[in-house]
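Down below is the structure, laid out as structure tokens.
The values are calculated or read from the model by the stated rules, or taken from the named source; none is laboratory data. A quick note: this is a predicted structure, and the numbers were derived from the prediction, not measured. As a convention, Cβ positions derive from the backbone with ideal geometry for all residues, glycine included, and neighbour counts pool all protein chains shown.
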Amino acid sequence: MLDLDAYFARIDHRGPRTPTLDTLNSIVLAHIQAIPFENLDVLRGVPIDLEPHAIERKLVHARRGGYCFEQNTLLLHVLEQLGFTVQPLSARVRYGRPRDYTPARTHLLVRVELAESWLADVGVGTMSIGSALRLAEHGAQPTPHEPRRLLRENDRIYHQVQFGGEWHDVAELTLEEMPPIDRIVANWYTSSHPESHFKHRLLVARALPDGGRVTVLNRVLTIRGRDGQAHERTLGSPDELLAVLDEQFGLRFPAGTRFPCAGLDWPA
């Protein structure tokens, strides 16, 4: 059993714990604001352990972040412990990728059954969703951040986000369940394969209470407002990166910590 009191303290959720839609949405929003998406252990060569208590130690007690297999596994077990009916689903992340490219099926999200079916995803990087999406809905769905929709095409469901009036793919799914063995295999690829994009770039992201987002991609810090306006700053040194990780994400590392990857092309 997970320590729910510690989890709710970590995300600063003080509301009801009954298995309702309001509770689900409150937890999801608090989670993406408190626990950053990050791949820092992958870059440091630290193994990603998907055992639930290992995830709890890292994301809750050590106040770290993680990526989809850690984030959504934690959410899955929290919701299940609260009495929700949940199912892990697999997907392909498509954000920033053309339709003629087939990414690996290396994404985990959560299906939640209430009076209707809902999808929750607190682990899709800069696009983590601030509320659950109604699975049966075909049109736009408001969230505390950007509008979303679930587009049906070619026997697939495309989770999309709207920016500037245009819709962009975030992930592709078929509602296929993702049992633990599939998560273990996909997690190994994501964290260990030389061609995994998480081995070549640094990504840290967190949703903001005002509807905006803060992101670090390699050396670029971006703070985006709810209106879509973005302010960028290029970080000049590894020590500045450590300061930003602390100030913007609550991620504290010892002085001198480095995250080796091709994307961090620090000036000489």
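Values as computed for the structure displayed
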read-out: Residues located in segment 114-132, provided they are part of a strand (DSSP E or B) and either of a type outside the set (A, V, I, L, M) or surrounded by fewer than 24 Cβ atoms within 10 Å (Cβ to Cβ) (or both); value: Ser117, Trp118, Leu119
read-out: Pro194 vs. criteria under 18 Å from Pro36 (Cβ atoms), in a loop (DSSP other than H, G, I, E, B) and at pLDDT below 95; value: no
read-out: Total residues in segment 213-254, condition surrounded by fewer than 17 Cβ atoms within 10 Å (Cβ to Cβ) and within 16 Å of His31 (Cα to Cα); value: 1
read-out: Test result for Pro209, in contact (Cβ under 8 Å) with a residue 60 or more places away in the chain, touching a helix residue (DSSP H, G or I) at 6+ places or on another chain (Cβ under 7 Å), closer than 20 Å to Arg63 by Cβ and loosely packed, with under 15 Cβ neighbours inside 10 Å; value: yes
read-out: From the options Pro19, Pro36, residue that is touching a residue at least 40 places away in the same chain (Cβ under 8 Å), within 17 Å of Leu251 (Cα to Cα) and in contact with a Phe, Trp or Tyr (Cβ under 6 Å, 6 or more places away or on another chain); value: Pro36
read-out: Residue list for segment 53-105, filter: of a type in the set (Val, Ile, Thr), in contact (Cβ under 8 Å) with a residue 24 or more places away in the chain and either in a helix (DSSP H, G or I) or within 20 Å of Ile35 (Cβ to Cβ) (or both); value: Val60, Thr73, Val78, Val86, Val93
read-out: Test result for Arg111, basic (Lys, Arg) and in a strand (DSSP E or B); value: yes
read-out: Qualifying residues in segment 159-172 (those that are buried (at least 21 other Cβ atoms within 10 Å of the Cβ) and out of contact with any His (no Cβ under 7 Å at 6 or more places or on another chain)) - the one nearest to Thr126 (Cα to Cα); value: His159
read-out: Residue match in segment 168-181 (condition: assigned to a helix (DSSP H, G or I) and closer than 30 Å to Glu51 by Cβ); value: yes
read-out: Residue match in segment 228-251 (condition: in contact with a Lys or Arg (Cβ under 6 Å, 6 or more places away or on another chain) and among the polar types (S, T, N, Q)); value: yes
